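The values are calculated or read from the model by the stated rules, or taken from the named source; none is laboratory data. Keep in mind it's a predicted model, so treat the numbers as computed, not measured. For neighbour counting, all protein chains shown are included, and Cβ atoms are generated from backbone atoms with ideal geometry for every residue, glycine included. Heavy atoms of the whole protein, side chains included, go into the accessibility calculation; ligands, DNA and RNA do not. Shrake-Rupley method; radii C 1.70, N 1.55, O 1.52, S 1.80 Å.
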Amino acid sequence: MHYPLYRPKRMRASESLRRLVRETSVSVDSLIMPFFVREGKGVRTPVASVPGIFQFSVDTLVKEVRAAQSLGIPAVLLFGIPGVKDRAGSGAYAQDGIVQKAVTAIKERVRGIAVVTDVCLCEYTSHGHCGVIKKVVKSSSRQVVLDNEATLELLALTALSHAQAGADMVAPSAMADGQVRAIRAALDDNDFSGVPVMAYSAKYASAFYGPFRQAAGSAPQFGDRRSYQMDPANAREAVREAALDVQEGADIIMVKPALAYLDIIAKVKERFDLPLAAYNVSGEFAMVKAAARQGMLDEKRAALEVLAAIKRAGADIIITYFAPQIAKLLNK
Ligand code: PBG
C-alpha cells in the first residue's frame, strides 16, 4: 500500500493555511475588562504598582467604558473603592455606594456593553477581609475566621443593590460558603431572576493579587486570606468548589488566577458544561508589563501568547487588563 507522504510543512505553509488549522483563537468577544472606580471627579490616578491600570471616578470611567465598547469589548467588571471603610463594609451595599453610582451612570450613558460587578467586602471593610470577622486566632500569624452566615447576608445585600442599580451580571468573589445560593435567592426574591451569577469558584490564595490590592486598597490589615481562599497546591478541591457553585445555581464558573492554574482550567472545563471564565489577574499582567519595560520580552507577543494559553486550556471568557490593548491588536 502506498501512502502519499503528508509531512507537516510548517516552514513552508502560508499564514493562511496556518489560520485554517489553528486550534485556538483569541477573540475580542471573550474578553472582560476590569475597572477600578472611586469617588471624585475627573480622577484618572495611575496605580503605582501596575503600569496601565488606573483608578477612575464615575465621569472618567464612563469615557473609558465607552472606549472599551467601541473596541468591541463585550463586558466590563467593576471594583469599587469607597470613600470610607468600616468594620461592616457598609459601602458595599449602600444605595449610593460607588459601584452602584458607576453602574447607573454607565447604563444611562453607554449602550451595548454589559456591566458586571464584583461582589465582595474586602475593598469596603476597614480590616480588608472579604467578610465579617468572627475571631482572630491569637498567634503570630493572626489567623482570621470569618462569620460565614453574617457574611452571606451582606454579600446578598450587595449583589441585590448592584442589580437594582442596573448591573447585568454579578460576580461574587468572597469565597464564603454558600455565597452563590444566598445571592441567587436574594435576586430571585426581588424580581432579578434574569441577572446571572458568575461565580469565582476556584479562587486561590495567590501572591499574584499583589498589584490589585494596591489598586483597590484592599490588602488585609492583619492575617491573610488563607482561611477562605484555596491552597495553590490543590487541584481536586477546585473541582469540588466548582461543583458546589453549579449546584447553587451559578451561570458561569471561574478559575482565578489563570496563568499558574492552566491545569485547573482544563480540569474544570472537562467536568462542567457551564461557560468557564478565567481571571488573568493583576500580577500576571504586571509581570508581562514589567519584563517588557525592561526590554526582556516583546509585550504584544507575550500578552497574546498568555491569552491563547488560557483559551487553549479551556477558558471561554478571559477577564484581563490587556483587554483594550489586545482588542486594538485584533481589530487591525
Ligand atoms: C476580591 C478580589 C481580588 C481580586 C479580584 N477580586 C483580590 C483578593 O482576593 O485579594 C484580584 C484580582 C487581580 O489580582 O487582578 N474582591
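Looking only at residues of the stretch 156-197 that are part of a helix (DSSP H, G or I) and hydroxyl-bearing (Ser, Thr, Tyr), we find that the one that is surrounded by the fewest Cβ atoms within 10 Å (Cβ to Cβ) is Ser161. Could you say whether any residue in the stretch 60-78 is modelled with pLDDT under 95 and open to solvent by 30 Å² or more (accessible area, probe 1.4 Å)? Looking for residues that are modelled with pLDDT under 95 and open to solvent by 30 Å² or more (accessible area, probe 1.4 Å), one finds none in the stretch 60-78, hence no. Residues of the stretch 99-123 that are touching a Leu at 6+ places or on another chain (Cβ under 9 Å), within 16 Å of the ligand (Cβ to nearest atom) and not in a strand (DSSP E or B): Val99, Ala102, Cys120, Leu121.
Residues in the stretch 278-291: is at least one farther than 27 Å from Thr125 by Cβ and either touching a strand residue (DSSP E or B) at 6+ places or on another chain (Cβ under 6 Å) or part of a loop (DSSP other than H, G, I, E, B) (or both)? No: zero hits. Restricting Ala292, Ala323, Ala278 to residues that are under 26 Å from Phe36 (Cβ atoms), buried (at least 23 other Cβ atoms within 10 Å of the Cβ) and in contact with a Lys or Arg (Cβ under 9 Å, 6 or more places away or on another chain) narrows the list to Ala278. Taking the stretch 262-284 as the range and being under 18 Å from Ala205 (Cβ atoms) and within 13 Å of the ligand (Cβ to nearest atom) as the test, the residues that pass are Ala278, Tyr279, Asn280, Val281, Ser282, Gly283, Glu284. Restricting Lys138, Lys134 to residues that are open to solvent by 10 Å² or more (accessible area, probe 1.4 Å), out of contact with any Phe, Trp or Tyr (no Cβ under 8 Å at 6 or more places or on another chain) and not in a loop (DSSP other than H, G, I, E, B) narrows the list to Lys134.
Residues of the stretch 141-155 being outside any loop (DSSP other than H, G, I, E, B) and open to solvent by 10 Å² or more (accessible area, probe 1.4 Å), which ones?
Within the stretch 141-155, Val145, Leu146, Asn148, Glu149, Ala150, Leu152, Glu153, Leu154 meet the criteria.
Has the stretch 228-250 got at least one residue that is in contact with a Phe, Trp or Tyr (Cβ under 7 Å, 6 or more places away or on another chain), at pLDDT 95 or above and either open to solvent by 40 Å² or more (accessible area, probe 1.4 Å) or not in a helix (DSSP H, G or I) (or both)? Yes, the stretch 228-250 contains at least one residue that is in contact with a Phe, Trp or Tyr (Cβ under 7 Å, 6 or more places away or on another chain), at pLDDT 95 or above and either open to solvent by 40 Å² or more (accessible area, probe 1.4 Å) or not in a helix (DSSP H, G or I) (or both).
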